[in-house]
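Trainee: Let me begin by handing over the structure; questions about it come next.
The values are calculated or read from the model by the stated rules, or taken from the named source; none is laboratory data. Keep in mind the model is a prediction, meaning the values are calculated, not measured. Glycine also receives a Cβ, built like all others from the backbone with ideal geometry; neighbour counts cover every protein chain displayed. The protein model used for the area step is the full one, side chains on, heavy atoms only, and it has no ligands, DNA or RNA in it. Shrake-Rupley method; radii C 1.70, N 1.55, O 1.52, S 1.80 Å.
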Amino acid sequence: MDRLYISDILNDGFVDKDVNIRGWVYRWRESGPLVFVVIRDSTNIIQVIFERSSVDEKTFEMAKKLTIESSVEISGKLVKQNKAPTGYEIQAKSIKVYHLAEPFPITKDKSDEFLLDIRHLWLRSREMTATLKIRETLMEAARDYFNEHFYHEVTPPMFVGAAVEGGSTLFEVPYFGEKAYLTQSSQFYLEAFIFSLESVYTIQPSFRAEKSRTRRHLTEFTHLEAEAAWIGNQGMIDFEEELIIAIAQALIEKRKEELKILKRDINVLKNIEKPFYRYPYEKIIEIGRSKGMALEDVVDLGEKEEREITADFDKPIFVYNYPKVLKPFYHRPDPEDPNHVLCHDMLAPEGYGEVIGGGERIWSKDELINRILEEGLNPEDYQWYIDLRKYGSVPHSGFGLGVDRTVTWLAGLDHIKNAVPFPRTIRRLKP
RNA sequence: GCCGCCGUAGCUUAGUGGGUAGAGCACCCGGCUGUUAACCGGGAGGUCACCGGUUCGAGCCCGGUCGGCGGCGCCA
């Protein structure tokens, strides 16, 4: 008999038919001559019942000995059963045990810390499984959206020789007697690709060595970055808005069950529709002040401020044209207002805060060199980046989206660690 | 980096006027004909993070070390 996936047999079409499944023991309990076993596979869970009166003694004894997480193959008749957790039940006829598991360390009482220590086992939980599927669908939806818009996927290097942005701290790694660094952003490399492929994107890890201890920072995170020729700041905002909507739609279509497992209200995602809020930088400061914050005219918002400002919003907020002093040198100053740059951040609502940063890049060689000098940096360190402005330079824009932050927001999680299979933080490198 | 909190059985934890360390889950044994991280009875399981000090006596008081969590700062 061919093995079937659990999600495929949870329907009336298989009732009274013999089915064969493989998976792991998720729950086990006995009551006299009955043994109830809930089996989990990659698709869902289903209850199996072993009755002493209807299976041979050897099979029943084996069912009685099963332990949580044992790997098994079970055959039996599918029936409808309201008392079973997913509405159907298999009346077992036979079982093959591949491995009788040792006592599983995860029980009903568990702390966040413990779950991080045994992350390699916690990955099997329904919560993590649901989160991983949501991550996958999010990236798949993004790739589909990029492909529909003729973006090419590229793979920039992760070993780099120098920083992209002055501010961030880099991880240094030995490199055959020289120093190399782990990339903190692929932006500069993506800019190199646009002169042939025009529109490009990548989904790769970025690394930041900041000693940040907040619910939205990791030292290694999945970075979705894009860069496109012939597009300006506002055009890029339009593009990102549709990207986020495409992702939300994909989750609504394909991940209803997983969102339910994570207790995320799907109506929140259904509400992610055009138009998002769009405010110039000064307006967001005004909103902060209206909530009682003491904010200077020109100030970087902290995590706490962002959380409070976005708390009452129901849709993402684009904040554009920040004061020049707050942003890295490569952002293009607004020709109409040189103290501001043509950039934007997208803040997720409900307190989640920044998930996208992007904008239009300086495309004039001389302007770029002037901005590098103005920031006290050395143009020699950016030789190849400046080189790109010498041979048919074009207006272009790009953005970077934190995949893990976006998952945290859309899945309604409380901490970025829960959006990542093996989170890396300042104090955690294992497992 | 700064501030705060925490470290007792595999897990979650109770336990300060200093006086033999207690429970639930998991595990083992037994019971139960519809269980929902079941229930009932029994059993086993502890260098109370580590080092030092005070004391007749320290899980508890004092000093230090290590590890973790949360917040701030930094940052995407």
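Trainee: Just to be sure I understand the filter: pairs with C-beta atoms under 8 Å, separated by 6 or more residues or on different chains, first member in the range A:280-308 and in contact (Cβ under 8 Å) with a residue 24 or more places away in the chain and within 15 Å of RNA strand B (Cβ to nearest atom), second member in a loop (DSSP other than H, G, I, E, B) and β-branched (Val, Ile, Thr). Which pairs pass?
Mentor: Pairs found: A:Glu303/A:Thr214.
Trainee: Would you mind stating whether A:Thr107 is under 27 Å from A:Tyr5 (Cα atoms), open to solvent by 70 Å² or more (accessible area, probe 1.4 Å) and either within 16 Å of RNA strand B (Cβ to nearest atom) or of a type outside the set (A, V, I, L, M, F, W, C) (or both)?
Mentor: Here the answer is yes, as A:Thr107 does meet what is asked.
Trainee: Looking for whichever is assigned by TED's automatic domain parsing to the domain that holds A:Val160, free of Cβ contacts under 8 Å to residues at least 40 places away in the same chain, open to solvent by less than 70 Å² (accessible area, probe 1.4 Å) and away from RNA strand B (no atom under 11 Å from the Cβ) here; the options are A:Leu368, A:Leu373, A:Leu388. Which one fits?
Mentor: Every option except A:Leu368 fails the conditions.
Trainee: Look at the range A:41-75 and say how many of its residues are assigned to a strand (DSSP E or B) and either surrounded by fewer than 16 Cβ atoms within 10 Å (Cβ to Cβ) or within 12 Å of RNA strand B (Cβ to nearest atom) (or both).
Mentor: 8
Trainee: What pairs can you find where one residue is in the range A:38-52 and closer than 13 Å to A:Ser71 by Cα, the other is near RNA strand B (Cβ under 8 Å from one of its atoms), and their Cβ atoms are less than 7 Å apart, with a gap of 6+ or different chains?
Mentor: Close Cβ pairs satisfying both conditions: A:Val38/A:Arg27; A:Val38/A:Gln47; A:Val38/A:Pro85.
Trainee: Could you check the range A:47-67 and list, in sequence order, the residues that are basic (Lys, Arg) and under 27 Å from A:Asn82 (Cβ atoms)?
Mentor: A:Arg52, A:Lys64
Trainee: Out of A:Ile416, A:Ile356, A:Ile426, I need the residue that is farther than 28 Å from A:Ser199 by Cβ, open to solvent by less than 10 Å² (accessible area, probe 1.4 Å) and in contact (Cβ under 8 Å) with a residue 24 or more places away in the chain. Which one?
Mentor: It is A:Ile416.
Trainee: While we're on this one: Only residues that are in a loop (DSSP other than H, G, I, E, B) and under 30 Å from A:Lys179 (Cα atoms): list them for the range A:135-159, please.
Mentor: Of everything in the range A:135-159, those that are in a loop (DSSP other than H, G, I, E, B) and under 30 Å from A:Lys179 (Cα atoms) turn out to be A:Val154, A:Thr155, A:Pro156, A:Pro157, A:Met158.
Trainee: To continue, here is another question. Can you name the residue in the range A:204-218 that is in contact with a His (Cβ under 8 Å, 6 or more places away or on another chain) and near RNA strand B (Cβ under 6 Å from one of its atoms) and is also most open to solvent (accessible area, probe 1.4 Å) among such residues?
Mentor: Looking at residues that are in contact with a His (Cβ under 8 Å, 6 or more places away or on another chain) and near RNA strand B (Cβ under 6 Å from one of its atoms), I get A:Arg215.
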